[in-house]
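Read the figures in this text as sums done on the coordinates, not as results from a lab. Keep in mind it's a predicted model, so treat the numbers as computed, not measured. We place every Cβ from the backbone using ideal geometry, glycine too, and count neighbours over all the protein chains shown.
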Amino acid sequence: MSIIIDRTKRVLVQGITGREGRARTRLMREFGTNVVAGCTPGKGGEEVEGVPVFNTVEEAAECLGMFDISVVFVPARLVKSAAIEAIEAGVKLIVLVPDRVPLWDAMEIATVARQHNANFIGPNTLGVISPGRAVLGMIGGRAESARQWFNEPIAGRTVGIISRSGGMTSSCGYYLSRAGVGLSTLVHVGGDSVIGLPIPDVARMFQNDSDTDAIVIFGEIGGSQEERLAELMQQGIVTKPVIAYIGGKAAREGTRFSHAGAIIEGNRGTHEGKTAALTAAGATVVDGFGDLPGAVLETFKKKQTVA
């Protein structure tokens with residue numbers, strides 16, 4: 001299994017005729033993603049990488065049937081209208097790649113998504129990749145690079161990766177793969193303060209995924225995603241081993257750490273607080289990013305010993 005994306009999911013690309021839309025559509029298709037249509041107002045009737053283009057999501061769905069996922073590659077100011085168009089047309093998962101999406105726009109997208117029982121990843125996400133299956137967005141670069149960098153699942157020693165940093169999503173996957181660890185799915189939840197699927201929600205998905213033996217977290221200061229994951233662990237909802245690294249150890253109040261969603265305010269969202277919460281819940285929290293592979297291997301070694 002894999003969470004969120006596999007070769008069976010029908011994918012729409014909004015903004016497919018733009019530079020990023022064209023380039024990423026080619027890369028997604030080369031990796032195995034089932035991109036069946038694109039959408040750009042005024043460009044209906046064209047083709048991009050052999051994919052038919054429609055003027056609206058509704059028009060594309062009427063011609064080809066409903067889509068499971070839409071990946072959005074449009075300017076930030078157009079993200080809200082594109083996302084809401086897809087949600088109201090019936091698409092249940094939207095991947096919002098652009099950064100600099102206004103906060104109020106993200107909040108409105110979240111409201112509309114809840115009203116339609118839909119969800120979204122991002123904004124400001126590189127996307128999702130399930131090695132050997134499919135990719136959404138921009139993770140892994142060229143298809144051939146992604147195949148070389150990321151191991152497919154390996155029985156008994158496969159992790160799912162959840163990251164708040166786009167670049168570190170790939171880095172986690174690369175270094176764990178070099179250490180001989182298998183990967184089920186890598187999810188960059190997005191770097192903004194309002195996002196669709198935060199760490200706790202993705203962890204629940206991994207908990208129910210038969211391919212995933214443990215969960216690796218690349219967390220950051222700011223917000224409460226990591227603390228909320230710790231609560232799920234304390235409640236026995238997430239029981240698979242969790243190995244985490246929290247970036248921003250040296251940050252002080254008011255410091256912004258690379259992303260809009262990574263800022264300490266008062267005593268909230270501190271490195272110390274996140275580390276303490278996860279450790280108390282039973283997670284392994286490493287001091288250095290380079291310690292992640294060894295900690296993951298040690299976790300699997302302990303599991304085998306217990307078994």
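For region 124-167 versus region 1-74, the inter-centroid distance based on Cα atoms is 19 Å.
Placing unit charges on the Cβ atoms of the charged side chains and taking the dipole of the chain about its Cα centre, the candidate lying farthest along the positive direction among ALA230, SER177, MET138 is SER177. In region 150-306, Cα pairs under 8 Å separated by at least six residues give a relative contact order of 22 percent.
Structure remark: mean-square fluctuation, Gaussian network model of the chain, C-alpha springs under 10 Å; the largest value among VAL71, VAL135, VAL286 belongs to VAL286. Residues whose amide H comes within less than 5 Å of that of PHE150, counting only those at least five positions distant or on another chain, are absent (H built at 1.01 Å from N in the peptide plane). Net charge of the neighbourhood of ASP6, taken over other residues with C-beta under 13 Å away and scored Lys/Arg +1, Asp/Glu -1, is 0.
In degrees between 0 and 90, to the nearest 10, how far off the longest principal axis of the chain does helix 79-89 point, with axes built from Cα atoms? For helix 79-89, the angle is close to 80 degrees.
One quarter of the surface of the convex hull around the alpha-carbon atoms of region 191-230 equals 3.1 nm², the direction-averaged projected area. For the residues VAL35, VAL112, VAL97, a GNM of the chain with alpha-carbon springs under 10 Å puts the largest fluctuation on VAL112. Computed from Cα positions, the angle between helix 19-31 and the longest principal axis of the chain comes to roughly 70 degrees. Note on the chain: antiparallel DSSP beta bridges, both residues inside, total approximately 20 percent of the bridges counted.
The count of lysine pairs in the chain whose Cα atoms are under 17 Å apart, excluding pairs fewer than 8 places apart on the same chain, comes to 6.
With n ≥ 4 as the cut-off for DSSP H runs, can you work out [θ] at 222 nm for the chain, using -39500 (n - 2.57) per run divided by the number of residues, rounded to the nearest 500? Let's see the in-between values first.
Values: 10 runs with 109 residues, N = 307.
Result for the chain: -10500 deg cm²/dmol, rounded to the nearest 500.
Helix 103-115 and the longest principal axis of the C-alpha atoms of the chain enclose an angle of approximately 80°. Result for the chain in a Gaussian network model with C-alpha springs under 10 Å: among ILE217, ILE84, ILE16, the largest mean-square fluctuation is at ILE84.
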